[in-house]
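S.K.: Once you've had a glance at the structure underneath, I'll fire off some questions.
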Amino acid sequence: MSGRPGAGVRMSGVRVLEAGPRALLVELASGEDAEAFHAELLRRRAAGELPSVREIVPGARTVLLDGVEDRTLAGRLRSWSVPPPARGSGEAVEIRVVYDGPDLADVAEAWAVAVDEVPRIHARTEFRVAFCGFAPGFGYLTGLPGHLSVPRRSTPRTRVPAGALALAGPYTGVYPRESPGGWQLIGRMVGPADLWDPAREPAALLGPGARVRFVPMGVCG
């Protein structure tokens, strides 16, 4: 997607598919387009333009709308002009971490840097939650440059502890609970932050669009 900040632009490659009797799945060309489209949907719903839409759920390159009663909406979505996603708005969520994960050396090799450079690079990056999934409270965070993308482990672990800080592809994530997983582990969360609390509103600490910073409390070695 291109265009000056704040200017609406026509997205290319938008596909709108029916996903049940009252749901639409919008497929976008990129993660940035999906983020921008999600933000525009939220804005228009808040303005009263989408009164029947109950849920708007972003994915890596999709946005799901549930509760669609207007059957003409699918056609209108394809013709929308959407501004680029707003950046730098809202207070950043700070998560304290110790960079002592077992895959630091593998990530350093993939990045072609020294092991102690991995925490420095990661901690100085501001992240943004692109979408949520995998487990309640798990946010897929973007922000690292494309050349720092890392592959998943060839053999997933059967047990990844809650709070593990991990990388896979272009994403950073923190495991909200113990589970199997194939991401590269570079550290662990410390302190009172609770990624998922059903008694809280919203239950997820890291919702789509949230800014996130990792505060190092220690590093390997």
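What follows is calculated from the coordinates using simple rules that are stated; it is not laboratory data. This structure is a prediction, so every number in the text was calculated from the model and none was measured. Ideal geometry is used to build each Cβ from the backbone, glycine not excepted, and the neighbour counts take in all protein chains shown.
S.K.: Within the chain, which is the longest segment that contains none of the trypsin sites (Lys or Arg not before Pro) sitting in a DSSP loop with at most 15 other Cβ atoms within 10 Å?
M.R.: 88-123
S.K.: Between residue 116 and residue 177, how high is the FRET efficiency from 1/(1 + (r/R0)^6) when r is the Cβ-Cβ distance and R₀ = 25 Å? Nearest 0.05.
M.R.: Computed FRET efficiency for residue 116 and residue 177 comes out at 0.25.
S.K.: Mean separation of Cα pairs under 8 Å and 6+ residues apart, divided by the residue count of the range 9-82: what relative contact order is that in percent?
M.R.: After rounding, I find 38 percent.
S.K.: How charged is the neighbourhood of residue 132? Take every other residue with its Cβ under 13 Å from the Cβ of residue 132, and add Lys/Arg as +1 and Asp/Glu as -1.
M.R.: My count for the surroundings of residue 132 gives -1.
S.K.: Can you sort 95, 121, 186 by how many other beta carbons sit within 10 Å, fewest first?
M.R.: 121, 95, 186
S.K.: Rank these for me by crowding, 155, 62, going from fewest to most other beta carbons within 10 Å.
M.R.: Going from least to most buried by this count: 155, 62.
S.K.: Here is a further query. Explain nothing, just the number: relative contact order of the chain, from Cα pairs under 8 Å at least 6 residues apart, as a whole percent.
M.R.: 21
S.K.: Given a Förster distance of 30 angstrom, what is the FRET efficiency for residue 30 paired with residue 52, based on the Cβ-Cβ distance and rounded to 0.05?
M.R.: Result of the calculation: an efficiency of 0.60.
S.K.: Evaluate the chain: find the radius of gyration of its Cα atoms, find its Kirkwood radius, and give the ratio Rg to Rh.
M.R.: Rounded to two decimals, Rg/Rh equals 1.00.
S.K.: Can you list the residues of the range 34-57 with backbone N under 16 Å from a point 7 Å past the Cα of residue 19, pointing along Cα to Cβ?
M.R.: Residues 34-42, 53-57 fall inside that zone.
S.K.: If you add up the charges near residue 150, with Lys and Arg at +1 and Asp and Glu at -1, over every other residue whose beta carbon is less than 13 angstrom from its beta carbon, what do you get?
M.R.: With Lys, Arg at +1 and Asp, Glu at -1, the neighbours total -1.
S.K.: Would you mind finding the longest exposed-site-free stretch of the chain, with exposed GluC sites (Glu not before Pro) meaning DSSP loop and at most 11 other Cβ atoms within 10 Å?
M.R.: 92-221
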